[in-house]
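Here's the structure, in C-alpha cells; my notes come after.
The values are calculated or read from the model by the stated rules, or taken from the named source; none is laboratory data. Quick caveat, the model's predicted, so the values are computed rather than measured. Here the Cβ positions follow ideal geometry from the backbone for every residue, glycine too, while neighbour counts run over all protein chains shown. For accessibility, only protein heavy atoms count, side chains too; no ligands or nucleic acids. Shrake-Rupley method; radii C 1.70, N 1.55, O 1.52, S 1.80 Å.
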Amino acid sequence: MKSASIPSLRVDPELRAAAESVLKEGETLSAFLENSLRAQIDYRRTQAEFIARGLAARKDAKRTGVYYGADEVLGKLKGKLEAAKASKQK
C-alpha cells in the first residue's frame, strides 16, 4: 500500500521544543508524532467502545430490571484479581 501524508502542523516554538525534549535516543520528531497519532486513535476507539458497552449495559438493565450495586461489582472484580494473582504465583 502506498504511504500517505498528514497535513503539516504549525505549532508554537515552545511546543516543538517540549516535544523534542522528550524524544528517545535516535527517535525523530516525525516518528514521535506518528506514534502519538496512533496512540490517540487507539485511545479514542477504545473510549468509544467502552461507552458503547456502557450504553448497551444500561439498556439491558432497563429491559431486564436487573441492576448490580457497586459493592457487588467491586467484590467480583477483587475476586478475579485475587484469582489471577494466585495463578500467577504457581
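Values as computed for the structure displayed
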{"item": "Stretch gain in nm, segment ARG63-SER36, where the contour uses 0.36 nm per residue and the Cα spacing is subtracted", "result": "5.7 nm"}
{"item": "Where the Cα pairs of segment 1-51 fall when distances are cut into 10 Å bins, in %", "result": "19, 42, 31, 8"}
{"item": "Tilt relative to the chain, helix 29-64 - C-alpha long axis, 0 to 90 degrees, to 10", "result": "20"}
{"item": "With every protein chain in place, the chain: carbon and sulfur % of accessible area (1.4 Å)", "result": "57"}
{"item": "Accessible area per residue in Å² at 1.4 Å probe, computed on the chain", "result": "99"}
{"item": "Convex hull volume per residue in cubic angstrom - Cα atoms of the chain", "result": "279"}
{"item": "Cα-centre dipole for the chain with unit charges at Cβ (Lys and Arg positive, Asp and Glu negative), debye to 20", "result": "700"}
{"item": "Calculated [θ] (222 nm, deg cm²/dmol) that DSSP helices of n ≥ 4 give over the chain, each run adding -39,500 (n - 2.57)", "result": "-25000 deg cm²/dmol"}
